[in-house]
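In what follows, a structure is listed as structure tokens, so that the remarks can point back to it.
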Amino acid sequence: MNIAFGVIMLFVIIACVFLMFVILSQNPKGGGLSSTFGGQGTQMFGVQKTNDFMTKATWTLGIIIVALSIFAGVLVAQPSVPQQSPPATTQSK
């Protein structure tokens, strides 16, 4: 594989790890990150903003992973053009 493919796969792995942390920090019952780090005190600062951020981060990371995966597939599918050596010349006597 070439270096560009390796770099793209590294970015996919990093995005997957971030996506995992974002998803695991969400609470399926609506509390999520805001209730984890302070409970009731954070409600006056806006729980909805935290949940909106988490939703947007999830969608953004998902789209990044899909786009990078498609780009990697296109990169691998392109046939590499081997360098051709010049034709051998024969000298006739």
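The values are calculated or read from the model by the stated rules, or taken from the named source; none is laboratory data. Everything numeric in this text was worked out from a predicted model, so none of it was measured. Cβ sites come from the backbone with ideal geometry, for glycine too, and all protein chains shown count toward neighbours.
Does GLN91 satisfy the condition of being modelled with pLDDT under 85 and surrounded by fewer than 11 Cβ atoms within 10 Å (Cβ to Cβ)?
Spelling it out, GLN91 is indeed modelled with pLDDT under 85 and surrounded by fewer than 11 Cβ atoms within 10 Å (Cβ to Cβ).
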Here the residues within the range 1-12 that are surrounded by fewer than 12 Cβ atoms within 10 Å (Cβ to Cβ) and within 9 Å of the chain's Cα centre (by Cα) are LEU10
Of the residues in the range 1-46 that are in contact with a helix residue (DSSP H, G or I) (Cβ under 7 Å, 6 or more places away or on another chain) and among the aromatic types (Phe, Trp, Tyr), the one that is modelled with the lowest pLDDT is PHE5
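Taking the stated definitions as given, is LYS49 surrounded by 10 or more Cβ atoms within 10 Å (Cβ to Cβ) and either modelled with pLDDT under 90 or under 26 Å from the mean Cα position of the chain (by Cα) (or both)? Write out each step before concluding.
Working: surrounded by 10 or more Cβ atoms within 10 Å (Cβ to Cβ): yes; either modelled with pLDDT under 90 or under 26 Å from the mean Cα position of the chain (by Cα) (or both): yes.
In short, yes.
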